[in-house]
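Please read the structure below before turning to the comments.
The values are calculated or read from the model by the stated rules, or taken from the named source; none is laboratory data. Please read these numbers as outputs of a predicted model, since none were measured by experiment. Cβ placement follows ideal geometry from the backbone for every residue including glycine, while neighbour counts extend to all protein chains displayed. When the accessible area is computed, the model is the full protein with side chains, heavy atoms only, and any ligands, DNA or RNA have been set aside. Shrake-Rupley method; radii C 1.70, N 1.55, O 1.52, S 1.80 Å.
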Amino acid sequence: MKKVLLDSIKKYKLQIILHAIFIGLNIYILTIPPQLIGNMIDLLYNLEENKQAILNNTYQLLAICVIFLFIRLIWKSLETYVVRGIEKDINIKLFQRFLKLKLQNIQNIKNGEIMSYFVKDVNEIRAGTYRIMTYGSRIVYTFIIAIYQMARGVNINLTIAVMVPIVVAAYIIVKIKKYVEINFKKAQNKFTELSEYIQESTDSIRTTKAYSCEGEQLKDFIRKNRIVRQSNNTVDVFSNLLSTCTKICFGICYAISLIYGSKLVLDGKITIGDLVTFNGYIGLFVNPVNWIPDLISRVKRLQISYKRLDEVFKLEVEKVNVKENIKTDKLNGNIVIKNLNFSYPGIIDKALDNINIEVKVGQTLGIIGTIGSGKTTLMNLLTRLYNVPYGKILIDGKDINEIPIEVLRNNICYITQDNFLFSTTLKDNISLFKEEYEDEEITESTKKAIVYDDIQNMPNGLQTVIGERGGDLSGGQKQRVAISRAFLKNSTILIFDDTFSALDNKTSEKLINNIRELSQEKTCIIISNKVSDVKYSDKIIVLDEAKIVEQGTHEELINKNGIYYEFYEQQSKKEESMLA
Ligand SMILES: Nc1ncnc2c1ncn2[C@@H]1O[C@H](COP(=O)(O)OP(=O)(O)OP(=O)(O)O)[C@@H](O)[C@H]1O
Ligand SMILES: [Mg+2]
């Protein structure tokens, strides 16, 4: 995170320096009107003689106003350019980081939390940077320039006297700010919980409606909202206390200036014009001092958000293996899995136990098994979504860890069990945003995936925008749209993980025929719980509790009279009863 921020700051170095220079000029110009007004007051004692001088002062005041507005426009533009630029840079780097993170690390972060990194934390860093750049530099410049002008141009003792309440205000601020920080942290955590809850509720809206739980959800939401409100209220109470204290200190400042200043006038040490100028200078401190609490709390908020983002940047990314030394773009697709054992990080039970498989180019491997037996895990390892132990999975005789990850994934088309669809056009969903494919090729792939007619019936064909996560499509349509990706991508190794479950037998039979045609010179892996989906495979393995318990062709497995035969019997009976 440090590098991301520093890189961004370096990028806008020139603009940041110019911004600081123009803010300095701005503050210097602000000290001129009190001097001019003070002068004018003194000149008023002899109006007839000083008419021209008063008029000149008025023209100078007008000119100062114009210059002030011009300079303000410049530093405001620089500020927006830098702050929005830093926000954009962090957003892009953060998104890139999420894309590179190891799958298990992403799975450990809840969706709502990911959203709050982008929406809340990046925004806090933007707002904090803006406050430091503008408020911070204005506070520093005001204290240096205005105190110098007050002490040099009016009276040093009067200056020291009015600075006392300001120092007291700073002390009080430091004391109260601690409570603001603690409560702000609490409020931020509550807000994250609330956004996670909103995300989860919108994701599960269908289930909620189906079980009529809207009332309970609303009650729960109101309760959580109340907690967020209470936490924010506490933060506001302390913030208000801070600003009230600074306002009281200011009142005392003006009182000292008037009482002590009048005495100095009566003693002939300063003129009335000087006293007016001095009060004008005090006015310059009003905004900067009032900004101090906000600046402190914003800097603290920035630090908290910085730490949260830093934790994301510290999470482990998918490693580019040092041994990824194989220089090839194309794999043939001969897969050998030898004595593979695997457990998910932090879990003792094996998800895969001593797996041995061999599949050659042109062959189809069917995998059938009980729920949770490790089918998807095996495919996650074949695509290196998790770290694979060395020497256990070989493709074309090479260890999978030595094949560059992008080469491996370019050569595999993995239609996953969740068949995720993006809320965009069907065309982009099938081509996965790659522009190299012609419309005809995409249409052809939809025909092979038997979803062409469904798409033709949609209002804009391939250009139809589908709802979030494919919400407008039926389960079967979603699966076939996802399967179209395999016909389009035309990879060496094709994996279909439970992608026919929502299809009727006739459609899945036709589809599997098309897949067999496509995969004649490829390696194809079909995972399913239905015997009818895997029965034509050259080799079928049966998984149960992380182990291969049977393997062979459909006929061999039927003759074994084991688990596979049981599946077959149960499913045949079910079909017969449905037909009856
Ligand atoms: N990310 C994960 N972290 C921890 N354990 C996991 C993870 N994913 C799966 N598992 C566990 O690993 C085992 C195998 O899961 P897997 O998803 O591979 O089964 P499956 O055979 O594909 O099941 P299904 O038929 O339901 O798709 C299960 O016990 C599951 O709970
Ligand atoms: Mg699975």
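Quick check: anything in the range 287-296 open to solvent by 40 Å² or more (accessible area, probe 1.4 Å) and at pLDDT 90 or above? No. Scanning the range 489-519 for residues that are among the aromatic types (Phe, Trp, Tyr) and free of Cβ contacts under 8 Å to residues at least 40 places away in the same chain yields one hit, 500. Against the test of being out of contact with any Leu (no Cβ under 6 Å at 6 or more places or on another chain) and more than 26 Å from residue 294 (Cβ to Cβ), the options 219, 247 yield a single qualifying residue, 219. Within the range 333-357, being of a type in the set (A, V, I, L, M, F, W, C) and within 15 Å of ligand 1 (Cβ to nearest atom) holds for 337, 340, 342, 347, 348, 351, 352, 355, 357. Of all the residues in the range 414-441, those that are open to solvent by less than 10 Å² (accessible area, probe 1.4 Å) and either among the acidic types (Asp, Glu) or not in a helix (DSSP H, G or I) (or both) number 2.
Of all residues in the range 351-372, those satisfying the criterion of being farther than 18 Å from residue 392 by Cβ and not in a loop (DSSP other than H, G, I, E, B) are 364, 366, 368, 369. Within the range 373-400, the set of residues being more than 10 Å from ligand 1 (Cβ to nearest atom) and part of a helix (DSSP H, G or I) comprises 382, 400.
Here's the yes/no breakdown for (1) in contact (Cβ under 8 Å) with a residue 24 or more places away in the chain; (2) open to solvent by 40 Å² or more (accessible area, probe 1.4 Å):
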position	(1), (2)
163	no, no
173	yes, no
185	yes, yes
208	no, no
214	no, yes
228	yes, no
233	no, yes
236	no, yes
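With the requirement that a residue be of a type in the set (A, V, I, L, M, F, W, C), open to solvent by less than 30 Å² (accessible area, probe 1.4 Å) and under 46 Å from the mean Cα position of the chain (by Cα), what does the range 246-274 give you? Within the range 246-274, 249, 250 qualify. Just to be sure before I move on: is residue 456 of a type outside the set (A, V, I, L, M, F, W, C), in contact with an Asp or Glu (Cβ under 6 Å, 6 or more places away or on another chain) and over 14 Å from residue 432 (Cα atoms) in the structure I sent? The answer is no for residue 456.
Checked across the range 494-501, the condition of being of a type in the set (S, T, N, Q) and not assigned by TED's automatic domain parsing to the domain that holds residue 364 holds for no residue. Annotation note: of 360, 392, the sole residue that is away from ligand 2 (no atom under 16 Å from the Cβ), over 21 Å from residue 550 (Cβ atoms), among the basic types (Lys, Arg) and modelled with pLDDT of 90 or more is 392.
For (1) buried (at least 17 other Cβ atoms within 10 Å of the Cβ); (2) touching a Ser or Thr at 6+ places or on another chain (Cβ under 6 Å); (3) not small (Gly, Ala, Ser), each residue gets a yes or a no:
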position	(1), (2), (3)
78	yes, no, yes
86	yes, yes, yes
103	no, no, yes
128	yes, no, no
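When you look at residue 364, is it touching an Asp or Glu at 6+ places or on another chain (Cβ under 6 Å) and within 16 Å of ligand 1 (Cβ to nearest atom), yes or no? No, not satisfied. Selection over the range 359-369 of residues that are in contact with a Phe, Trp or Tyr (Cβ under 9 Å, 6 or more places away or on another chain) and open to solvent by 10 Å² or more (accessible area, probe 1.4 Å) gives a count of 1. Taking the listed residues 479, 571, the one that is without any contact (Cβ under 8 Å) to a residue 60 or more places away in the chain, part of a helix (DSSP H, G or I) and within 16 Å of ligand 1 (Cβ to nearest atom) is 571, with no other qualifying. Restricted to the range 486-562, the set of helices (runs of 4 or more DSSP H) holding at least 2 residues that are away from ligand 1 (no atom under 16 Å from the Cβ) and open to solvent by 30 Å² or more (accessible area, probe 1.4 Å) comprises 505-518, 554-560.
Results for (1) closer than 24 Å to residue 536 by Cβ; (2) in contact with a Gly (Cβ under 9 Å, 6 or more places away or on another chain), shown as yes or no for each residue.
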{"position": "352", "(1), (2)": "no, yes"}
{"position": "357", "(1), (2)": "yes, no"}
{"position": "368", "(1), (2)": "yes, no"}
{"position": "379", "(1), (2)": "yes, no"}
{"position": "384", "(1), (2)": "no, no"}
{"position": "409", "(1), (2)": "no, no"}
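Every listed requirement among (1) open to solvent by less than 50 Å² (accessible area, probe 1.4 Å); (2) of a type in the set (S, T, N, Q); (3) more than 18 Å from residue 146 (Cα to Cα) is met by residue 56 save one, (1).
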